[in-house]
1. Of the peptides 62-71, 167-176, how do they stack up when ordered by the mean number of other Cβ atoms within 10 Å, highest first?
2. Return the Rg/Rh value of segment 1-112, two decimal places, where both radii are evaluated on C-alpha atoms and Rh is the Kirkwood radius.
3. Given the chain, what percent of its DSSP beta bridges are antiparallel, to the nearest 5?
4. Report the per residue volume, in Å³, of the convex hull enclosing the C-alpha atoms of segment 178-323.
5. Give, in nm to one decimal, the length gained when the segment between Val146 and Arg166 is fully stretched (0.36 nm per residue of separation minus the Cα-Cα distance).
6. Report, ordered by chain and residue number, the lysines lying within cross-link reach of Lys265, taken as a straight Cα distance under 23 Å and ignoring same-chain residues fewer than 8 apart.
7. When we measure straight from the Cα of Lys96, which aspartates and glutamates land under 16 angstrom away, once same-chain ones fewer than 8 places off are left out?
8. Ordering Leu129, Leu5 by accessible area with a probe of 1.4 Å, largest first, what comes out?
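The values are calculated or read from the model by the stated rules, or taken from the named source; none is laboratory data. Keep in mind the model is a prediction, meaning the values are calculated, not measured. Cβ: placed from backbone, ideal geometry, glycine included. Neighbour counts: every protein chain shown. Side chains included, ligands, DNA and RNA excluded: accessible areas come from the protein's heavy atoms. Shrake-Rupley method; radii C 1.70, N 1.55, O 1.52, S 1.80 Å.
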Amino acid sequence: MSQPLSELTTIRVGGSPKHIHTASSRDELIAIAKDVWARTDNWLVLGGGSNLVAADDVSDLEVIWVRNLGVEYIGQGRVRVQAGENWSDFVIRTAKQGLAGIESLAGIPGTVGAAPIQNIGAYGQELSLTLHSLEFLDFETNEVQVLTKADCVFGYRDSIFKRGKRGIVTWVEFQFFTDLPAAHNELLEARVEEVVGLRASKGMVLDDKDHDTWSCGSFFTNPIVSESFAKTLPLDAPQWPTEADDGLTVKLSAAWLIEQAGIQKGFSLPGSNAAISTKHALAITNRGYATADEVVELARYIQTQVSNKFGINLVPEPNLIGF
Ligand SMILES: Cc1cc2nc3c(=O)[nH]c(=O)nc-3n(C[C@H](O)[C@H](O)[C@H](O)COP(=O)(O)OP(=O)(O)OC[C@H]3O[C@@H](n4cnc5c(N)ncnc54)[C@H](O)[C@@H]3O)c2cc1C
């Protein structure tokens, strides 16, 4: 048996998979994936493990662990980054170099290769703003493709990869904004610091000693509903017109819905080691010895309470593996 996924994921649950294959270069990643795919359909691509909840029994699962590193400056704001690079380190590095466009995504855990999967976003910025293209090994065809931003069909915490295109991102290319006055380097670094501070106050920056950060970040996406449905909600329900801004759909605050459904920060089911973060109503956390089942049980309870109160089905943001 290999190392348990509880040791490789930020919410620290999950059993031992059949095998963990570590890929340290792009070519190795492609070779390992083709080999695994030829043998089984029960496989998982693992980056930093910050957006997945693996079941307590995953003994048949083969894990492809993306660890290829390298950052290549192509020029004129274009940078190619290998999928296994750490996302937050990359943000700090680019801010120092005056490359603008991802500074508000500072402090988000995980790898560069996973960032396009759900089009990571925070504080008004999304990956899709700067993503230029990426290399993708397609599970269906076994072919390597270069996909443009348009090919990825990004949306709010969404992409073509979340809607059934299975495979592996091997590298990502960014197009940064470089036409800023030099003084903006300092502003970018200041923004990174500000964002990380804000995130830390909500338990959204990993800290071994703080159980509020033993999570997958937000456990549910903010629901998008029709404008007419939104009008049926209490007047103080936070609402934002969605990206399209056509007035037809409205994004709601999942955290607000949870708290209004009677589930407060710190809540846990009797006898469970999974609990809502004491700092953020949207994060399910492991208080030390939680099982994957306890995490999922709490998630289902929250969904039921919100559905009963508002008729809204909260959609989990992390990938649930083996449930
Ligand atoms: C404390 C905390 C705060 C967070 N805050 C935010 C936030 O503000 N905004 C936000 O958007 N997210 C946030 N997240 C979620 C998470 O950090 C991101 O989704 C991140 O991009 C996941 O990266 P990862 O490498 O850990 O992916 P993993 O958890 O390893 O994998 C996530 C999914 O991507 C797939 N995957 C991973 N690597 C690849 C690859 N190379 N090719 C193809 N598929 C791949 C996996 O199979 C899995 O389905 C937060 C998480 C935590 C724990």
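1. In decreasing order of mean packing, 62-71, 167-176 become 167-176, 62-71.
2. On the way: Rg = 15.9 Å, Rh = 15.3 Å.
Ratio of gyration radius to Kirkwood radius for segment 1-112: 1.04.
3. 75 percent
4. 163 Å³
5. Numbers: separation 20, 0.36 × 20 = 7.20 nm, distance 1.45 nm.
Length gained between Val146 and Arg166: 5.8 nm.
6. Hits, sequence-local ones excluded: Lys202, Lys209, Lys251, Lys279, Lys309.
7. Reachable aspartates and glutamates: Glu72, Asp179, Glu186, Glu189, Glu193, Glu194.
8. The ranking, largest first, comes out as Leu129, Leu5.
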